[in-house]
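Enquirer: Below are the structure tokens for one structure; questions will follow.
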Amino acid sequence: MKRSVVVLMAVCMMLGLCACSGKSNKLVMATNAAFPPYESVEGSQIVGIDPEIAKLIADDIGRELVIEDMAFDSIIAAVQTGKADIAMAGMTVTEDRKQNINFSDPYTEAAQVIVVKSDSDVESPDDLEGKTIGVQIGTTGDIYAEDIEGATIERYSKYFEAINALVQGKIDAVIVDREPGKVFVSENAELKMIDEEFTVEEYAIGVAKENTELLDQINASLKKLKESGKIDEIINKYITAE
Ligand code: GLN
């Protein structure tokens with residue numbers, strides 16, 4: 001009896017160890033899959049520029065990519081607490097975020113733009129003064145909206161919800177990243193995008209402060225993928241140049 005318990009314990013420990021080493025081989029990516037063309041849900045899969053780049057990096061460093069979909073404003077905490085290894089969510093590099101996580105070298109340029117109804121009198125960022133502006137909570141759009149004089153900010157958990165509120169006339173404008181903005185405008189005939197860009201930004205991959213080895217691996221991978229033209233290839237597949 002006693003012996004079988006010992007054997008059982010040994011088996012459990014072995015299984016435990018296996019499960020553990022299996023886990024460490026996974027590269028868990030925290031994202032918010034409501035941000036096309038960078039990440040969105042298609043059937044049972046999460047597709048887009050970020051998952052494709054992440055897959056190439058995971059392959060390159062010999063790890064298995066696992067994607068965890070969550071609210072955008074939970075992503076940094078997920079990386080800090082080790083729930084996820086990387087943050088990849090069309091995430092803009094900001095000084096504030098750098099206090100909490102490290103960023104890889106940037107993999108693409110981005111911008112914030114304004115989306116309004118086609119008949120709106122808003123023609124430039126200056127015209128947003130005193131307006132009601134929709135943003136996704138915790139984004140750079142949210143941060144910029146705070147600097148607009150007299151503006152009322154409506155914060156949504158997903159950009160889709162902000163866009164719906166705009167279509168319904170509940171808010172005057174949405175500040176959103178350029179490429180997702182283009183997708184939303186293409187899906188809603190009554191919306192348009194203001195040409196003038198609000199800010200220019202860069203997207204990068206977030207990694208926990210203490211995980212410098214992974215950061216180095218990611219940067220080395222990104223360098224190779226940029227030089228071989230793979231990153232451009234993926235981006236061009238999703239974003240057609242005007
Ligand atoms: N680029 C913006 C940011 O980093 C928005 C990203 C997103 O909504 N997925 O705040």
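Enquirer: Hey, does region 161-173 have a residue that's within 12 Å of the ligand (Cβ to nearest atom) and in contact (Cβ under 8 Å) with a residue 60 or more places away in the chain?
Expert: no
Enquirer: Here's another thing I want to ask about it. Would you check if there is a residue in region 172-192 being polar (S, T, N, Q) and open to solvent by 80 Å² or more (accessible area, probe 1.4 Å)?
Expert: Here is the first cut: in region 172-192, the ones polar (S, T, N, Q) are 186, 188.
Filter once more, so that each one left must be open to solvent by 80 Å² or more (accessible area, probe 1.4 Å): 186.
Yes: region 172-192 contains one or more residues that are polar (S, T, N, Q) and open to solvent by 80 Å² or more (accessible area, probe 1.4 Å).
Enquirer: Further question on the same structure: Run down Asp73, Asp119 and say which single residue is assigned to a loop (DSSP other than H, G, I, E, B), open to solvent by 50 Å² or more (accessible area, probe 1.4 Å) and within 30 Å of Glu196 (Cα to Cα). Steps first, answer last, please.
Expert: Working: Asp73 fails: assigned to a loop (DSSP other than H, G, I, E, B).
None of the other options fit; the residue is Asp119.
Enquirer: I need a count of the residues in region 88-116 that are under 24 Å from Phe184 (Cα atoms) and surrounded by 13 or more Cβ atoms within 10 Å (Cβ to Cβ). Explain how you work it out, then say what you get.
Expert: Going through region 88-116, the residues under 24 Å from Phe184 (Cα atoms) turn out to be 88-93, 107-116.
Right, trim to surrounded by 13 or more Cβ atoms within 10 Å (Cβ to Cβ) and you get 88-93, 107-108, 110-116.
Total meeting the criteria: 15.
Enquirer: In region 128-135, is there at least one residue being over 16 Å from the mean Cα position of the chain (by Cα) and open to solvent by 60 Å² or more (accessible area, probe 1.4 Å)? Steps first, please.
Expert: The initial filter retains those residues of region 128-135 that are over 16 Å from the mean Cα position of the chain (by Cα), namely 128-134.
Retained after the next criterion (residues that are open to solvent by 60 Å² or more (accessible area, probe 1.4 Å)): 129.
The answer is yes, given that some residue of region 128-135 is over 16 Å from the mean Cα position of the chain (by Cα) and open to solvent by 60 Å² or more (accessible area, probe 1.4 Å).
Enquirer: Using the structure shown, decide if Asp85 is away from the ligand (no atom under 14 Å from the Cβ) and open to solvent by less than 50 Å² (accessible area, probe 1.4 Å).
Expert: yes
Enquirer: Can you tell which of Tyr156, Tyr144 is free of Cβ contacts under 8 Å to residues at least 60 places away in the same chain, touching a Phe, Trp or Tyr at 6+ places or on another chain (Cβ under 8 Å) and within 11 Å of the ligand (Cβ to nearest atom)?
Expert: Details: Tyr156 fails: touching a Phe, Trp or Tyr at 6+ places or on another chain (Cβ under 8 Å).
The conditions single out Tyr144.
Enquirer: I'd like the residue in region 60-93 that is among the polar types (S, T, N, Q) and free of Cβ contacts under 8 Å to residues at least 60 places away in the same chain and, out of all such residues, is nearest to Pro180 (Cα to Cα). Talk me through it step by step, then tell me what you get.
Expert: In the first step, residues of region 60-93 are kept if they are among the polar types (S, T, N, Q); the result is 74, 80-81, 92.
Subset that is free of Cβ contacts under 8 Å to residues at least 60 places away in the same chain: 74, 81.
Numbers: Ser74: 20, Thr81: 28 Å.
Looking at residues that are among the polar types (S, T, N, Q) and free of Cβ contacts under 8 Å to residues at least 60 places away in the same chain, I get Ser74.
The values are calculated or read from the model by the stated rules, or taken from the named source; none is laboratory data. Computed from a predicted model, the values in this text were never measured in an experiment. Using ideal geometry, Cβ is built from the backbone for each residue, glycine included, and neighbour counts are taken over all protein chains shown. Note: accessible area is taken over every heavy atom of the protein model, side chains too, but ligands, DNA and RNA are not part of it. Shrake-Rupley method; radii C 1.70, N 1.55, O 1.52, S 1.80 Å.
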